[in-house]
Ligand code: PMP
């Protein structure tokens with residue numbers, strides 16, 4: 001079945017889905033995005049994703065391309081048209097198309113909206129989680145506002161490539177004091193030997209992950225202790241467990257950091273239980289893509 005993309009008001013075949021050469025996201029990375037999980041034909045945590053989108057847009061003074069109800073309709077329609085049961089819906093808003101010049105165009109153009117959806121194998125994620133993954137650590141090289149989900153991802157791309165070339169799944173950005181910030185596309189967590197689940201406080205230096213919020217809810221539900229504070233690479237290497245979270249990979253145990261095993265080098269019980277329980281606490285939309293017959 002051929003893929004369909006939504007581009008500025010039209011559903012078009014993926015192969016001919018185009019944006020203008022003077023789209024500001026293309027020339028200046030002047031745009032923001034969201035990636036929302038699709039699970040069993042339902043959108044997961046759409047409210048949190050759209051709240052974060054609103055915030056990113058507000059911080060960059062890009063107007064919303066349409067109201068929330070309309071945006072949700074487009075996201076769900078794109079998922080349905082691509083017959084995605086398990087996968088992702090991607091949404092990008094740029095400041096729009098204008099003759100190239102750094103300041104905001106005046107008068108402002110209409111913001112440009114692109115939505116795509118793709119299927120992912122749930123089994124592949126489960127397999128990675130069952131064996132655990134490796135991470136490497138890299139110095140923080142991003143701008144000072146990674147809390148804004150901008151499409152300016154070059155440092156993340158370079159870090160992820162470095163991880164891949166090192167045989168690792170993820171790269172953790174580390175600040176000059178040796179504290180772990182987050183992964184190139186995931187939030188970073190550890191479990192201490194006395195059972196506390198630790199993730200860095202969500203200030204302007206990391207993205208406030210939607211999965212991070214869901215895992216925090218689940219930790220509360222399971223009567224575990226959550227600590228939102230910085231932790232160092234040394235503390236992570238000596239921890240009982242480590243794991244990463246994102247909408248596209250949910251919860252994945254980390255079993256090696258910079259080549260050194262975390263604890264016994266096996267996925268830990270807390271990360272494994274959090275992965276299993278994550279959809280108990282997430283918001284689920286109605287079924288957008290019905291089961292195939
Ligand atoms: N940090 C970064 C830098 C990311 O790109 C992502 C993925 N969007 C995350 C964290 C995880 O966020 P979420 O749980 O909302 O996918």
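Nothing in this text is a laboratory measurement; each read-out follows from the coordinates by a stated rule. None of the values given here were measured: they were computed from a predicted structure. For neighbour counting, all protein chains shown are included, and Cβ atoms are generated from backbone atoms with ideal geometry for every residue, glycine included.
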Cβ crowding within 10 Å averaged over residues, with 231-240, 95-104 ranked highest first: 231-240, 95-104
Given the C-alpha centroids of the stretch 174-231 and the stretch 13-38, what is the distance between them in whole angstrom? 30 Å
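At 0.36 nm per residue, minus the direct Cα-Cα distance, what do residue 131 and residue 18 gain on full extension? Give it in nm, one decimal, please.
Contour length minus the Cα-Cα distance gives 36.8 nm.
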Radius, Kirkwood style, for the stretch 125-280 when every pair of distinct Cα atoms is counted (Å): 15.2 Å
When the chain is fully extended, how far beyond the present Cα-Cα distance does residue 10 get from residue 158, taking 0.36 nm per residue of separation? 50.0 nm
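Show that you can apply the helix-only estimate: for the chain, add -39,500 (n - 2.57) for every DSSP H stretch of four or more residues, divide by all residues, and state [θ] at 222 nm to the nearest 500.
Mean residue ellipticity at 222 nm (helix-derived): -9000 deg cm²/dmol.
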Over the stretch 125-280, relative contact order from alpha-carbon pairs under 8 Å, at least 6 apart, %: 26 percent
Mean separation of Cα contacts under 8 Å (6+ apart) over length of the stretch 4-120, as relative contact order %: 37 percent
Helix 46-60 sits at what angle to the longest principal axis of the chain, using alpha carbons and giving 0 to 90 degrees rounded to 10? 70 degrees
Helix 269-281: angle to the longest alpha-carbon principal axis of the chain, degrees 0 to 90, nearest 10? 30 degrees
Taking Cα atoms only, helix 68-81 is inclined relative to the longest principal axis of the chain by an angle, in degrees rounded to 10, of 80 degrees
Spin-label model distance (nm) - residue 69 vs residue 120, 7 Å beyond Cα toward Cβ: 3.1 nm
Semi-axis lengths, Å, the chain, gyration tensor of Cα atoms, sqrt of 5 times eigenvalues: 33, 23, 17
Suppose a student asked you for the relative contact order of the chain, using Cα pairs under 8 Å spaced at least 6 residues apart; what percent would you report? 20 percent
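Rounded to the nearest 0.05, what FRET efficiency do residue 248 and residue 101 give with R0 = 41 Å and r taken as the Cβ-Cβ distance? Could you check?
E between residue 248 and residue 101, to the nearest 0.05, is 0.70.
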How do the peptides 39-50, 273-284, 4-15 rank, highest first, by the average count of neighbouring beta carbon atoms within 10 Å per residue? 39-50, 273-284, 4-15
When you take every Cα atom in the stretch 4-120, what is the radius of gyration, and what is Dmax, the widest Cα pair distance, in Å? 14.1, 44
Residues 18, 66, 75 arranged by fewest to most Cβ contacts within 10 Å: 18, 66, 75
